[in-house]
Amino acid sequence: QVQLVESGGGLVQAGGSLRLSCAASGRTFSVYNMAWFRQAPGKEREFVASITRYGGGTNYADSVKGRFTISRDNAKNSAFLQMNSLKPEDTAVYYCAARQIGNPTRASDYKLWGQGTQVTVSS
């Protein structure tokens, strides 16, 4: 199965941008639909965005629609989350997840996860 490693998190001021990366290894990346979730302290892990195997379909949480863009590069075994116009409420640990069938928005439907990368947005 695939192993996932996130990177690109950090501290940014409100209104700024960050680009998260999720590097995959261990199995053909293109068999997996990919998703990003986030978890703030004391809150449940929530869906952010997902993308189908070849990038033809994307889905976003309402809270990030118009600000975040999910993409992937199967040749580089990577998925990305471009985050613009960041707000303090976007502060969380961001995780990428993989699944071969479907693009559910519940975290419990995913079994393959990275270790997470911290994103902190200051006001």
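The values are calculated or read from the model by the stated rules, or taken from the named source; none is laboratory data. Note that the structure is a prediction, hence the values are computed from the model and not measured. Neighbour counts are summed over all protein chains in view; Cβ atoms, including those assigned to glycine, are modelled from backbone coordinates with ideal geometry. Only protein heavy atoms, including side chains, enter the accessible area calculation; ligands, DNA and RNA are left aside. Shrake-Rupley method; radii C 1.70, N 1.55, O 1.52, S 1.80 Å.
Restricting region 1-23 to residues that are among the hydrophobic types (A, V, I, L, M, F, W, C) and over 18 Å from residue 58 (Cβ atoms), which is most open to solvent (accessible area, probe 1.4 Å)?
For region 1-23, the residue satisfying everything is 11.
If you go through region 56-69 and pick out every residue that is open to solvent by less than 50 Å² (accessible area, probe 1.4 Å), more than 15 Å from residue 97 (Cα to Cα) and not hydrophobic (A, V, I, L, M, F, W, C), you end up with 2. Scan region 90-112 for residues that are surrounded by fewer than 16 Cβ atoms within 10 Å (Cβ to Cβ), touching a residue at least 24 places away in the same chain (Cβ under 8 Å) and not β-branched (Val, Ile, Thr) and jot them down. Of everything in region 90-112, those that are surrounded by fewer than 16 Cβ atoms within 10 Å (Cβ to Cβ), touching a residue at least 24 places away in the same chain (Cβ under 8 Å) and not β-branched (Val, Ile, Thr) turn out to be 100, 102, 106. Scanning region 11-41 for residues being more than 16 Å from residue 118 (Cβ to Cβ) and either assigned to a strand (DSSP E or B) or of a type in the set (Asp, Glu) (or both) gives a total of 6.
The set of residues in region 26-36 being open to solvent by 60 Å² or more (accessible area, probe 1.4 Å) and polar (S, T, N, Q) consists of 28 alone.
List every residue pair whose Cβ atoms sit under 6 Å apart, with the two residues 6 or more apart in sequence or on different chains, where the first one lies in region 64-84 and is touching a residue at least 40 places away in the same chain (Cβ under 8 Å) and the second, anywhere, is part of a helix (DSSP H, G or I) and surrounded by 15 or more Cβ atoms within 10 Å (Cβ to Cβ). Here the result reads 74/29; 77/29, each pair linking region 64-84 to a residue that is part of a helix (DSSP H, G or I) and surrounded by 15 or more Cβ atoms within 10 Å (Cβ to Cβ). Among residues of region 36-59 that are without any contact (Cβ under 8 Å) to a residue 24 or more places away in the chain, those with a beta-carbon under 7 Å from a residue that is of a type outside the set (Gly, Ala, Ser) at least six positions away or on a different chain give the pairs 53/31; 53/32; 53/33; 55/72; 58/51; 58/70. Checked against (1) within 16 Å of residue 113 (Cβ to Cβ); (2) of a type in the set (Asp, Glu); (3) buried (at least 18 other Cβ atoms within 10 Å of the Cβ), residue 44 passes all but condition (3). Considering the conditions (1) surrounded by fewer than 15 Cβ atoms within 10 Å (Cβ to Cβ); (2) of a type in the set (D, E, K, R); (3) in contact with a Lys or Arg (Cβ under 9 Å, 6 or more places away or on another chain), residue 53 is excluded by exactly one of them, (1). Yes or no: residue 72 surrounded by fewer than 15 Cβ atoms within 10 Å (Cβ to Cβ), closer than 24 Å to residue 120 by Cα, touching a Gly at 6+ places or on another chain (Cβ under 8 Å) and not β-branched (Val, Ile, Thr)? Judged against the criteria, residue 72 is not a match.
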